[in-house]
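Here the structure is laid out as structure tokens; the discussion comes afterwards.
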Amino acid sequence: MGKVIAIANQKGGVGKTTTAMNLAASLAVLEYKTLVIDADPQANTTSGLGQDPKEIETSIYECMVDGIDIHSIIMPTSTDYLDMVPSHIDLVGAEVEMINLENREEKMKEVIASIKNLYDFIIIDCSPSLGLITINALTAADSVIIPVQCEYFALEGLGKLLNTIKIIQTRLNPDLGIEGILLTMYDVRLRLSNQVVEEVRMHFKDMVFQTIIPRNVRLSESPSFGIPVVAFDAEGKGAIAYLNLASEIAEKNNVVKVNG
Ligand code: ADP
Ligand code: MG
């Protein structure tokens, strides 16, 4: 059974999408069969992995709301071992449509259940909100990765997110674990960056990944080429950091490969 990991933080611009794409691609490089699900209407993972969101007609939402079979919308990517469920921009009404559904928080979990045995890891890129789609992702997930940017106000909003996770653990998904807090966009030259690392480690101790993601221009450039950084600048600082994160997660979880 694949491990389902949601990448969540209701704050925008903290590195969720960069992490979803590059962690998923790095797990694939380690030959773990991996699926990345774009659960954000901004569809940045979709375009970052080379698909034009304007040409996508079916996303995870149609599976959740209209009962479309998820098998039919899984796409291969240019990276071996990595598949994607894309997103598209036409989803403004999706959350509203879901309000009247029964078990509306558990739709994504039901959809993913049918493909869990096909993958070692399923990574869900969430939108910058704690709305119904994100609640669905956290209900479907075995664990959550929380990216935190090494910047001013790094911890802002984290209390609210951890509280939401607690509520979901109580009411919807008692097995939801915290895979880890991931420090992103670290700049070794900045005192502030170092202060944030210290502060987050002091507060959250073992919850924080050993791996820190550095600020790296290749990570911000790679989406415009439609390929993950591990394929585009494999020896670079950004790629190495995400490969280290993938190893850290694989080791911790002791996953037996579906193809192995
Ligand atoms: P989110 O999905 O949380 O909104 P993104 O992953 O889209 O955040 O990142 C926000 C912006 O920062 C993007 O332009 C992205 O390319 C850039 N970025 C993210 N991580 C890094 C990094 N480690 N180094 C440099 N730029 C980064
Ligand atoms: Mg994003």
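For this structure, a couple of remarks:
- Hydrodynamic radius of region 124-178 by the Kirkwood approach over all distinct alpha-carbon pairs: 11.7 Å.
- Highest-fluctuation residue, ALA25, ALA241, ALA113 considered, GNM on the chain with Cα pairs under 10 Å: ALA113
- Taking every alpha-carbon pair within region 91-157, the share separated by more than 16 Å comes to 56 percent.
- The tail of the calculated P(r) for region 8-66 beyond 19 Å holds 37 percent of all Cα-Cα pairs.
- Karplus (6.51, -1.76, 1.60) ³J(HN,Hα), θ = phi - 60°, over region 185-192, in Hz, Gly and Pro reported as x: 6, 6, 10, 4, 7, 9, 4, 4
- One chain, two ends: ASP66 and MET202. Fully extended at 0.36 nm per residue, the span grows by 44.4 nm beyond their Cα-Cα distance.
- Per-residue HN-Hα couplings for region 44-59 [Karplus 6.51, -1.76, 1.60; θ = phi - 60°; Hz; x = Gly/Pro]: 6, 5, 4, 6, x, 9, x, 10, 8, x, 5, 9, 8, 10, 10, 10
- Taking 0.36 nm per residue of sequence separation and removing the Cα-Cα distance, the GLU110/VAL217 pair yields an extension gain of 34.7 nm.
- Region 11-82 and region 157-209 have their alpha-carbon centroids 23 Å apart.
- Calculated P(r) tail over 21 Å for region 1-104, as whole % of Cα pairs: 35 percent
- GNM flexibility winner over the chain from LEU82, LEU35, LEU130 (Cα, springs under 10 Å): LEU130
- Flagged links, alpha-carbon separation over 28 Å, of LYS109/LYS257; LYS116/LYS237; LYS54/LYS252; LYS54/LYS257; LYS107/LYS160; LYS54/LYS107: LYS116/LYS237; LYS54/LYS252; LYS54/LYS257
- Along principal axes, Cα extents of the chain, largest first, whole Å: 50, 38, 35
- Backbone amide hydrogens, once placed in the peptide plane, bring VAL208 within less than 5 Å of ILE181, excluding anything fewer than 5 places away on its chain.
- Between region 219-260 and region 100-114, the alpha-carbon center distance in angstrom: 29 Å
Since every read-out is calculated from the coordinates, none of them should be taken as a lab result. As the structure is a computational prediction, the values presented were derived from the model and not from experiment.
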